[in-house]
Amino acid sequence: MANAGMVGLDWQQRINWDRLRKYRLERARARMKAAGLGAMLLMYDENVRYVTSTLTPGWNRLKPGLRYAMLCGDDAPVLFEQGDIGMQIERHSPWIPKDHIRWSYAWIKGAAGPASLAQVKKFTNAIKQEMKKANVAGTKLGVDFIDINMLKVFAEEKIDWTDGMTPMMEARAIKNEDEQEALRMVGAIGDAAHWEFMKFLQPGRTENQLTAHIMQYLYSVPGMEDVEDVIVSSGPNTWPNWRNFSDRIVKPGDIVFMDLAALTWNGYKSCYYRTYCAGKEPTNEQKDIYATALKWLYDSIKAVKVGTTTREIASKWPSAKEAWGYAEEDQAAANLWGHGLGLAQYDQPVISRIWSLDHPIEIKEGMVFALETQHGKKFEWGVRIEEMLIVHKDKIEIISSFPVEQITVVDPIPGYSTLAGR
């Protein structure tokens, strides 16, 4: 239950990484077959990680094609690594057969002229060779990423390809016991980071100083691979929430919120907001607005159970017109929001009134996701709250434990700025 520590021991069962690797691989294979695919070509970092349990370095992320993987029939996954890095994969990842480690044929991404087209031809020939070796040549290939060069060469080579992202999203949606424990650890690290933020927050510091401090704190945690973003917004930057940080100085009495989006511990990601008030008690109006956002959040959490759908969850939130007078739901995208957590920050389910009312997804045991709400006064202040949870057969487990019942007040000065309207 996320209290066993972060490192492996001989005397205590903790996360069983070998069991986790096998579970992910076979779940991906099962969803591939259920989708009628003979093979999958995986270029997104989270999908490569899911089937190969290998790490995509920071400089390599968001560049599909620098490294990629294939899952063909019943064979072990094949990893195409950039250049000669595959020699290091042989050392570090012995669960991948050595003869299934290749070098990639990279063209970076996008339409980059004749050099790209030449590379994609080599890339496509290698795909065909792997499918032939696995006795799935001529079957349908699932692809999670496509660009204009691939479209051209796939058509010329008569590659029968289709959507491969959906089966991978379906696979990643259900977490086994080891993935759940990894995400509990993510929650515990998030709790600690919010406590550290509370101690460091004070008037006079800037948003980027606060961000840098939490970044430094998180990178000192064993197993931390990446901190994609720490979002610190204060004062008028909190509503509308611009989801960024700047050199703005926090003033006494400012509302401040911090989002861990996303710390990445052994591949698994967070999304975790809390709201603070620096140097004074929040006003009654701010408390009331926070109470409204908290009710929206916990009304939606109470709707979560196995067998219900994302429609029932999203319907607990007011419409964008009811809440803020907006013309349509897309104008309030991510204001009232839910999204899966795992190797990607947007695993299934992704919950919003924009689509969930008309295109619901069933909530299943083993799903892990975050729900988040916000509210505020335009260009003055706003509040935002988020909880992370695991869906069990007969209960919901909240894995974010920093206090949420009210705005967290940091070092208030008694009687400071209590005049009406301040």
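Scan region 135-151 residue by residue and report those that are open to solvent by 70 Å² or more (accessible area, probe 1.4 Å) and closer than 20 Å to Lys63 by Cβ.
Ile148, Leu151
Kindly list the number of the only condition in (1) assigned to a helix (DSSP H, G or I); (2) under 22 Å from Trp107 (Cβ atoms); (3) basic (Lys, Arg) that fails for Arg31.
Only one criterion in (1) assigned to a helix (DSSP H, G or I); (2) under 22 Å from Trp107 (Cβ atoms); (3) basic (Lys, Arg) is unmet by Arg31, namely (2).
What is the number of the single condition among (1) at pLDDT 95 or above; (2) more than 25 Å from Tyr217 (Cβ to Cβ); (3) of a type in the set (D, E, K, R); (4) not in a helix (DSSP H, G or I) that Glu322 does not meet?
Every condition holds for Glu322 apart from (4).
Scan region 24-54 for residues that are farther than 14 Å from Glu170 by Cβ and among the charged types (D, E, K, R) and report the count.
The qualifying residues number 2.
How about region 238-263: which of its residues are closer than 30 Å to Trp59 by Cα and touching a Gly at 6+ places or on another chain (Cβ under 9 Å)?
Asn241, Arg248, Phe257, Leu260, Leu263
Just to be sure, is Leu55 under 19 Å from Thr162 (Cα atoms), touching a residue at least 24 places away in the same chain (Cβ under 8 Å) and not in a helix (DSSP H, G or I)?
Here the answer is no, as Leu55 does not meet what is asked.
Restricting attention to region 96-105, which residues are assigned to a loop (DSSP other than H, G, I, E, B), open to solvent by 30 Å² or more (accessible area, probe 1.4 Å) and in contact (Cβ under 8 Å) with a residue 24 or more places away in the chain?
Hit for region 96-105 is Tyr105, nothing else.
Which one is most open to solvent (accessible area, probe 1.4 Å), of the residues in region 19-49 that are over 24 Å from Ile159 (Cβ atoms), in contact (Cβ under 8 Å) with a residue 24 or more places away in the chain and of a type outside the set (A, V, I, L, M)?
Arg19
Only one of these is open to solvent by 20 Å² or more (accessible area, probe 1.4 Å) and within 22 Å of Met198 (Cα to Cα): Ile385, Ile398. Name it.
Ile398
With respect to the numbered conditions (1) out of contact with any Pro (no Cβ under 8 Å at 6 or more places or on another chain); (2) closer than 25 Å to Leu42 by Cβ; (3) part of a strand (DSSP E or B), which one is the sole condition not fulfilled by Phe369?
Among (1) out of contact with any Pro (no Cβ under 8 Å at 6 or more places or on another chain); (2) closer than 25 Å to Leu42 by Cβ; (3) part of a strand (DSSP E or B), the lone unmet condition for Phe369 is (1).
Yes/no per residue for (1) touching a helix residue (DSSP H, G or I) at 6+ places or on another chain (Cβ under 8 Å); (2) open to solvent by less than 10 Å² (accessible area, probe 1.4 Å); (3) more than 26 Å from Glu228 (Cβ to Cβ):
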| position | (1), (2), (3) |
| --- | --- |
| Glu322 | no, no, yes |
| Gly325 | no, no, yes |
| Ile351 | yes, yes, no |
| Ile354 | yes, no, no |
| Gly376 | yes, no, no |
| Pro403 | no, no, no |
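The values are calculated or read from the model by the stated rules, or taken from the named source; none is laboratory data. Being a predicted model, the structure only gives us computed values, none of them experimental. Neighbour counts run over all protein chains shown; Cβ positions are idealised from the backbone, glycine included. Accessible surface is based on the protein model in full, side chains and every heavy atom, while ligands, DNA and RNA are left aside. Shrake-Rupley method; radii C 1.70, N 1.55, O 1.52, S 1.80 Å.
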